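Participant: What follows is a structure written as structure tokens; I'll ask about it next.
The values are calculated or read from the model by the stated rules, or taken from the named source; none is laboratory data. Not measured: the values here are computed from a predicted model. Please note: Cβ atoms are built from the backbone with ideal geometry, for glycine as well, and neighbour counts cover all protein chains shown. Heads up: the accessible areas ignore ligands, DNA and RNA and are worked out on the full protein's heavy atoms, side chains in. Shrake-Rupley method; radii C 1.70, N 1.55, O 1.52, S 1.80 Å.
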There are 2 protein chains.
Amino acid sequence: METVRSSAMPAYQRIAAAYRGMIMSGELRPDDRLPTEHEIADRFGVVRQTVRTGLGILVTEGLIVARRPHGYFVRRREHMVYRPQEKSRPRPATPEMDRFSQQIVAEGRTPHQAIEVSLVQAAPDLAQRLGIAAGETVVARRRVRFINGEPTNINDSHFPIDLVKDSEIMSPAYLPRGTDQVLADLGYRQDRAIDEIFIRMPTPEEIHRLSLGPGTPVAAHYDTGYTAAGQPVQCTLNVLPGDRHKIVFERHWQGEPAG
Amino acid sequence: METVRSSAMPAYQRIAAAYRGMIMSGELRPDDRLPTEHEIADRFGVVRQTVRTGLGILVTEGLIVARRPHGYFVRRREHMVYRPQEKSRPRPATPEMDRFSQQIVAEGRTPHQAIEVSLVQAAPDLAQRLGIAAGETVVARRRVRFINGEPTNINDSHFPIDLVKDSEIMSPAYLPRGTDQVLADLGYRQDRAIDEIFIRMPTPEEIHRLSLGPGTPVAAHYDTGYTAAGQPVQCTLNVLPGDRHKIVFERHWQGEPAG
DNA sequence: TCATCTACATTGACTAGACAATGTAGATGT
DNA sequence: ACATCTACATTGTCTAGTCAATGTAGATGA
């Protein structure tokens, strides 16, 4: 078999680089269709499998999606603004919607939530953040939030069971006040929170809950809230698909000017 | 060819799920070796290519790495703590190291930086953040930061050229004071900053500069600083590989208690 | 007209190989 | 003892196909 090795790069990488370049430069625009695997194979003088390897790279990079039997398309991406700081800003005393819904409605879009409450044993990482022993029971209030009917992010709140038993938090109903306010009404008002953000690929469960396409990294945002006395009262895991969010916050300089 | 279809899931996904499970559960620990492709193929009754597809998923998920000719190994991951808030905290008047180096040394590790200064035309996204027209000249101070000899993150600062020409910022030397202080000395003290974080897969250039393995998502953190008068004076792009960082910040509740 | 069926193009999954590239361990030579 | 070479196991790249799954457009039928 005679193979013309036109460059040092393997063929599948040259194919990926070629179409990546066209997308990055704007020559191929969102929703544009790529040639079929067969056409690309002919063009580059390789078999279909090699083309699939190359396009697979762009799929895992999140640049294109495959829609059988239509072909590959350049992916469209728009980012929802995620503002972790807003969570600790004051709100009206009797809100009609939680913060997330407020923001989405303000943007002229339609929010929707699927809520599920369960009792689970705390995994080690969660237990550590809540200051309890691994395996102790916590209340998990698991939510998938939708915008315009599309799943957009995961918001799984966890509470030590002693704090919230027999409270509204145990009910899988929508709480317009927000769970922070319910906690405050129970005497556990949060005063301070630590935010941790990890960047990683999603787990299969997250892929399923969020209907994620391949090649979509996520931000896992742990928000752990403490009372003024320093007691941890909730730990929330927000999972934000990278193709649908940008995280925004603001800083103001502190202390005396150094200049 | 007789194929036993033991489940609805494709073979390559069953293979990925099997080893993902062993890693997640701790049965396979960091630096442990997986069986060879050939062994796995025999075990699952498929050909090597199918095994490669399955293990390829775990590689892109960042769970394993291939080391030829040794085999596949469970990836070890430790996260450097990245605190965007620290940037706006006061520091001693005459520091010997910048914040990054200070933190690394405090952790008992060895920092190192490769700095490169150039004049570039502002790309549209950068121009918008700096409040200038796309294509205008900006000073780019591009750095790759190393810990214990390993590239750890990218820190590319950009300044409108009018603000910094003929200043120390134009020199590709290490500035212990930090560029923020140099800007302040030039009369552009920052008072407020907006942080934007995007989650995505790295570009080939970022993969090269950071020696990233496949399957490593990154956080792209844009830090745009403003003077008290509201003038943007710098925009820095930090690229943080997901396998090496966690982003941490803290919040304190503001306004009158709502409970 | 409207619904239903069918052929088709395209991606998805997989087989059965071949040869290349690469670090290491063991053999060899001085 | 030390350096050098070589065989080898393993992953990397690629060929040349087969059959399955899927959504649509066009053909068919009432």
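Participant: How many nm separate the modelled label positions at B:E168 and B:Q49, each set 7 Å beyond the Cα in the direction of the Cβ?
Facilitator: Computed distance between label sites B:E168 and B:Q49 equals 6.0 nm.
Participant: Quick one: check the C-alpha center-to-center distance for region B:1-76 versus region B:106-128, whole angstrom.
Facilitator: If you average the Cα positions of each part, the centres end up 38 Å apart.
Participant: Measure nothing fancy, just the Cα-based angle from helix B:11-25's long axis to the longest principal axis of chain B, in degrees from 0 to 90, nearest 10.
Facilitator: Helix B:11-25 and the main axis of chain B meet at about 60 degrees.
Participant: Give me the angle, in degrees from 0 to 90, between the Cα long axis of helix B:48-60 and the longest principal axis of the Cα atoms of chain B, rounded to the nearest 10.
Facilitator: Roughly 30 degrees, rounded to the nearest 10.
Participant: Would you mind pulling out the separation of the Cα centroids of region B:171-195 and region B:219-236, in Å?
Facilitator: Going from one Cα centre to the other spans 11 Å.
Participant: Right, another one. With a 10 Å radius around each residue's Cβ, average the other Cβ atoms per peptide and rank B:244-250, A:220-226, B:168-174, B:79-85, highest first.
Facilitator: Highest-to-lowest ranking by the protection proxy: A:220-226, B:244-250, B:79-85, B:168-174.
Participant: Moving on. Order these peptides, B:181-188, A:197-204, B:63-70, A:105-112, by their mean beta-carbon neighbour count within 10 angstrom, highest first.
Facilitator: Descending mean neighbour count gives A:197-204, B:181-188, B:63-70, A:105-112.
Participant: Quantify how strongly other chains surround peptide A:50-61 by giving the mean number of their Cβ atoms within 10 Å of each of its Cβ atoms.
Facilitator: Mean partner shielding for this stretch: 2.
Participant: Accessible area per residue of chain A at 1.4 Å probe, in Å²?
Facilitator: Numbers: 12970 Å² over 259 residues.
Accessible area per residue, chain A: 50 Å².
Participant: Determine, from the Cβ-Cβ distance of B:M97 and B:D32 and an R0 of 35 Å, the FRET efficiency 1/(1 + (r/R0)^6), rounded to the nearest 0.05.
Facilitator: Efficiency computed from Cβ-Cβ geometry: 0.40.
Participant: Determine the shielding of peptide B:240-252 by partner chains: average, over its residues, the number of Cβ atoms on other chains within 10 angstrom of each Cβ.
Facilitator: Average per residue, whole number: 6.
Participant: To continue, here is another question. Amide H of B:D191 versus every other amide H placed in the peptide plane: which residues, excluding those fewer than 5 positions away on the same chain, fall under 5 Å?
Facilitator: B:Y226, B:T227, B:A228
Participant: While we're here: I need the shape label for region A:54-162. Rule: rounded when a/c is under 1.5, else prolate if a/b > b/c, else oblate, with a, b, c from the alpha carbon gyration tensor.
Facilitator: Verdict is oblate for region A:54-162.
Participant: Hey, with R₀ at 60 Å, roughly what FRET efficiency would A:L119 and B:L175 work out to, going by the Cβ-Cβ distance, to 0.05? Write down the numbers at each step before the final one.
Facilitator: Numbers: r = 54 Å, r/R0 = 0.91.
According to the calculation, E is roughly 0.65.
Participant: If r is the Cβ-Cβ distance from B:I194 to B:R89 and R0 is 25 Å, what FRET efficiency results, to the nearest 0.05? Spell out each step's value before the answer.
Facilitator: Numbers: r = 17 Å, r/R0 = 0.68.
Result of the calculation: an efficiency of 0.90.
Participant: Once every DSSP H run of n ≥ 4 in chain A is given -39500 (n - 2.57) and the sum is divided by its residues, what mean residue ellipticity at 222 nm do you get, rounded to the nearest 500 deg cm²/dmol?
Facilitator: Rounded to the nearest 500, it is -7500 deg cm²/dmol.
Participant: If I take all pairs of Cα atoms in region A:11-74, what percentage of them are more than 17 Å from each other?
Facilitator: 30 percent
Participant: Of B:K165/B:K246; A:K165/B:K246; B:K87/B:K246; A:K87/B:K87, which ones are farther than 25 Å apart at the Cα?
Facilitator: Numbers: B:K165/B:K246 35 Å; A:K165/B:K246 33 Å; B:K87/B:K246 16 Å; A:K87/B:K87 21 Å.
Result: B:K165/B:K246; A:K165/B:K246 exceed 25 Å.
Participant: Let me make sure I get this right: for the protein assembly as shown, a, b and c are the square roots of the gyration tensor eigenvalues over alpha carbons, sorted descending. Under 1.5 in a/c it's rounded, otherwise prolate if a/b > b/c, else oblate. Which is it?
Facilitator: Oblate is the answer for the protein assembly as shown, as a/c is 1.5 or above yet b/c matches or exceeds a/b.
Participant: Could you check the simple spin-label distance between A:A133 and B:A17, using points 7 Å along Cα→Cβ, in nm with one decimal?
Facilitator: 3.4 nm
Participant: Moving on to the next point. In debye to the nearest 20, how big a dipole does the protein assembly as shown give about its Cα centre with +1 on each Lys and Arg Cβ and -1 on each Asp and Glu Cβ?
Facilitator: On the way: 66 positive and 64 negative charges, 196 e Å.
So the magnitude is around 940 debye.
Participant: Under the rule a/c < 1.5 gives rounded, and otherwise a/b versus b/c splits prolate from oblate, where does region A:80-247 land using the Cα gyration tensor?
Facilitator: oblate
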